[in-house]
Amino acid sequence: MKILAILKKYYMVFLKGLGGTLWISVLVVLAGTLLGILVALMHMGRIKPLRWITDAFVEVIRGTPVLLQLYFFWLILPKIIPVELTDTACILIALIVNASAYISEIIRAGIGAVDVGQWEAARSLGLSESNVMKRVILPQAVKNILPALGNEFISTVKGTSLASVFFVGELMTSYRTVQSATFLALQSLTIVGIIYFVLNFILSKLLRILERRLMVSD
Amino acid sequence: MTEILRTEGLKKSFGSLEVLKGIDLSVRKGEVVSIIGPSGGGKSTFLRCLNLLETPTAGEIYFKGEKAPRSGREITLYRRKLGMVFQSFNVFPNMTVLENITLTPTLELKVPKSEAEEEARSLLSRVGLLDKAEEYPRKLSGGQKQRLSIVRALAMHPEVMLFDEPTSALDPEMVKEVLNVIGDLAAGGMTTLIVTHEMAFAKNISDRVLFICDGVIKEQGSPERIFNAPIEPETQRFLSMVL
Ligand SMILES: Nc1ncnc2c1ncn2[C@@H]1O[C@H](COP(=O)(O)OP(=O)(O)OP(=O)(O)O)[C@@H](O)[C@H]1O
Ligand SMILES: [Mg+2]
């Protein structure tokens, strides 16, 4: 019953939190994908130093906790960037950088899973390297990449909860707000938990449908 | 009797493994050359070097007297002169049969789409696949895929065709339909290099047979000479095993 009372009084806070979680996740995955493509291209490219740098980047991001990365960016960005940055901006940048490393690996794996015979056939026809990539390899790689990208979106939704440590407006921050106003921690947490679960449940169902679509066209 | 393709001292190593140990070959325009030999002898590597899918470690390739390029955009242009057909078909699964064929001519040669499609259809009818033009390759049998991969290469108007065991991945009942297409091409004057284990076929269509073993051309000659009177012990041993 206390849950209903909380909901009645604070539903706007939770809705705002949900909105925050959603737009942060969308932004992080979109920007992370763009940056991830860049990282993947450098990682697979012919320029050795770029390969080493991107390789090290991916390893470091994957080898350290996200929360640590958030703290790191939160501390260091204001020091090295001349313009005033909000906490939210620092955390967003950190989440994007983190996602880009994982997404670049998704892209690399997706491209790597395309049969080498496809590269060879496309090249043997006299397609230019960029057309081999654009017309033959990428369209096939996308089928491997999209489902994995969807999973990345779901883990990003969950990952954004860490932003609450910095009171960036998202669901977990809603919990902290309501919890400190009502002292009803368990109830607030349950509400937020249910929202996360329902959100990700819907997302993964949508993903399943998308995956089936992709399978059909193959 | 003009020469179209020549290699001089062609070598290829993978790390410390020397796979081609110096191949000298001159192919005449219109000539049909079959390549036979034991597994691991370097037959595929040789064909792949010819269209620069592998970069030779040493030696030269001449196409119509001109040195094959070593790097960059010229390689792309060079490859258009040679069509290649692989054992595993390698048709593009994300495109229809027609798109498989028109992709490169429209993109790289700027052939208008309607023109490219018209030619693609006439190529398809030549190999009995016209009714499959709008299908995706997953609906094709192995033999049909291989015929598609052949006309896809032909759409670029290559001057030489390279076949690397084009029927080895096929069910026996489909071998013939593919060999017929290749035979017709060869009979029509296409310069052809074909790696094959179909000895009867090689005997029939070839002007010359090469026996490649341990990275060198151990023996070569007319099909009658190679199949009926091989001189080298390796050739004799190989033929006694496959014939
Ligand atoms: N990319 C590669 N990297 C390393 N070794 C390779 C590579 N390609 C081929 N080889 C090696 O080169 C040797 C010759 O291979 P190749 O495929 O040219 O032989 P082949 O005569 O075509 O044999 P098969 O009849 O089995 O097709 C083999 O020992 C093979 O393992
Ligand atoms: Mg081979």
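The values are calculated or read from the model by the stated rules, or taken from the named source; none is laboratory data. A quick note: this is a predicted structure, and the numbers were derived from the prediction, not measured. Virtual Cβ from ideal backbone geometry, glycine too; neighbours counted across all protein chains shown. Protein only, heavy atoms only, side chains kept; ligands, DNA and RNA dropped before computing areas. Shrake-Rupley method; radii C 1.70, N 1.55, O 1.52, S 1.80 Å.
For B:Ala120, the conditions (1) crowded, with 20+ Cβ neighbours inside 10 Å; (2) within 16 Å of ligand 2 (Cβ to nearest atom); (3) among the hydrophobic types (A, V, I, L, M, F, W, C) are fulfilled apart from (2). Note on region B:34-68: residues that are open to solvent by 50 Å² or more (accessible area, probe 1.4 Å), away from chain A (no Cβ under 14 Å) and free of Cβ contacts under 8 Å to residues at least 60 places away in the same chain amount to 5. The single residue among A:Ile202, A:Ile191 that is over 30 Å from B:Glu134 (Cα atoms), surrounded by fewer than 14 Cβ atoms within 10 Å (Cβ to Cβ) and modelled with pLDDT of 90 or more turns out to be A:Ile202. Looking across region B:62-97, the residues that are more than 16 Å from ligand 1 (Cβ to nearest atom) and of a type in the set (A, V, I, L, M) come down to B:Ala68, B:Ile75, B:Leu77, B:Leu82, B:Val91, B:Met95, B:Val97. Screening A:Leu75, A:Leu85 for residues that are open to solvent by less than 70 Å² (accessible area, probe 1.4 Å), closer than 30 Å to A:Gly169 by Cα, more than 14 Å from every other protein chain (Cβ to nearest Cβ) and over 17 Å from the mean Cα position of the chain (by Cα) leaves exactly one candidate, A:Leu85. Among the residues of region B:32-56, those that are in a loop (DSSP other than H, G, I, E, B) and either farther than 10 Å from B:Val19 by Cα or under 13 Å from the mean Cα position of the chain (by Cα) (or both) comprise B:Gly37, B:Pro38, B:Ser39, B:Asn51, B:Leu52, B:Leu53, B:Glu54, B:Thr55, B:Pro56. Of all residues in region B:116-164, those satisfying the criterion of being in a helix (DSSP H, G or I) and closer than 20 Å to B:Glu31 by Cα are B:Ile150, B:Val151, B:Ala153, B:Leu154.
Identify, please: which residue in region B:9-18 is more than 19 Å from the chain's Cα centre (by Cα) and within 12 Å of ligand 1 (Cβ to nearest atom) and is, among those, most open to solvent (accessible area, probe 1.4 Å)? Here the answer is B:Ser16.
Taking region B:153-180 as the range and being within 16 Å of ligand 2 (Cβ to nearest atom) and surrounded by 18 or more Cβ atoms within 10 Å (Cβ to Cβ) as the test, the residues that pass are B:Leu162, B:Phe163, B:Asp164, B:Glu165, B:Pro166, B:Thr167, B:Leu170.
Would you call B:Arg6 open to solvent by 30 Å² or more (accessible area, probe 1.4 Å), within 19 Å of the chain's Cα centre (by Cα) and either away from every other protein chain (no Cβ under 14 Å) or more than 16 Å from ligand 2 (Cβ to nearest atom) (or both)? When the stated conditions are applied, B:Arg6 passes them. Consider A:Ile106 carefully, then state whether it is more than 29 Å from A:Ile137 (Cα to Cα), assigned to a helix (DSSP H, G or I) and within 18 Å of the chain's Cα centre (by Cα). It is false that A:Ile106 is more than 29 Å from A:Ile137 (Cα to Cα), assigned to a helix (DSSP H, G or I) and within 18 Å of the chain's Cα centre (by Cα). In this entry, B:Gly30 passes the filter for residues that are on the phi > 0 side of the Ramachandran plot and either open to solvent by 70 Å² or more (accessible area, probe 1.4 Å) or away from ligand 2 (no atom under 16 Å from the Cβ) (or both).
Scanning region B:88-102 for residues that are within 11 Å of chain A (Cβ to nearest Cβ), open to solvent by 10 Å² or more (accessible area, probe 1.4 Å) and not in a loop (DSSP other than H, G, I, E, B) yields a single hit, B:Glu99.
Table: residues versus (1) polar (S, T, N, Q); (2) surrounded by fewer than 18 Cβ atoms within 10 Å (Cβ to Cβ).
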residue: B:Arg70; (1), (2): no, yes
residue: B:Arg73; (1), (2): no, yes
residue: B:Thr76; (1), (2): yes, no
residue: B:Leu82; (1), (2): no, no
residue: B:Phe86; (1), (2): no, no
residue: B:Thr104; (1), (2): yes, no
residue: B:Lys113; (1), (2): no, yes
residue: B:Lys132; (1), (2): no, no
residue: B:Val151; (1), (2): no, no
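Could you please find all residues in region B:98-134 being under 21 Å from the mean Cα position of the chain (by Cα) and of a type in the set (A, V, I, L, M, F, W, C)? Scanning region B:98-134 gives B:Ile101, B:Leu103, B:Ala120, B:Leu123, B:Leu124, B:Val127, B:Leu129.
The sole residue among A:Gln118, A:Gln140 that is over 27 Å from A:Gly159 (Cβ atoms), within 14 Å of another protein chain (Cβ to nearest Cβ) and within 23 Å of the chain's Cα centre (by Cα) is A:Gln140. If you filter region B:161-189 down to residues that are among the hydrophobic types (A, V, I, L, M, F, W, C) and within 14 Å of chain A (Cβ to nearest Cβ), you find that the one that is farthest from ligand 1 (Cβ to nearest atom) is B:Met161. Please find, among A:Tyr102, A:Tyr11, the residue that is of a type in the set (Phe, Trp, Tyr) and either in contact with a Gly (Cβ under 9 Å, 6 or more places away or on another chain) or surrounded by 19 or more Cβ atoms within 10 Å (Cβ to Cβ) (or both). After applying the criteria, what remains is A:Tyr102. Residues that are open to solvent by less than 70 Å² (accessible area, probe 1.4 Å) and away from chain A (no Cβ under 12 Å) within region B:134-145 comprise B:Glu135, B:Leu140, B:Ser141, B:Gly142, B:Gly143, B:Gln144, listed in sequence order. Among the conditions (1) at negative phi; (2) open to solvent by less than 50 Å² (accessible area, probe 1.4 Å), A:Gly126 misses just one, which is (1).
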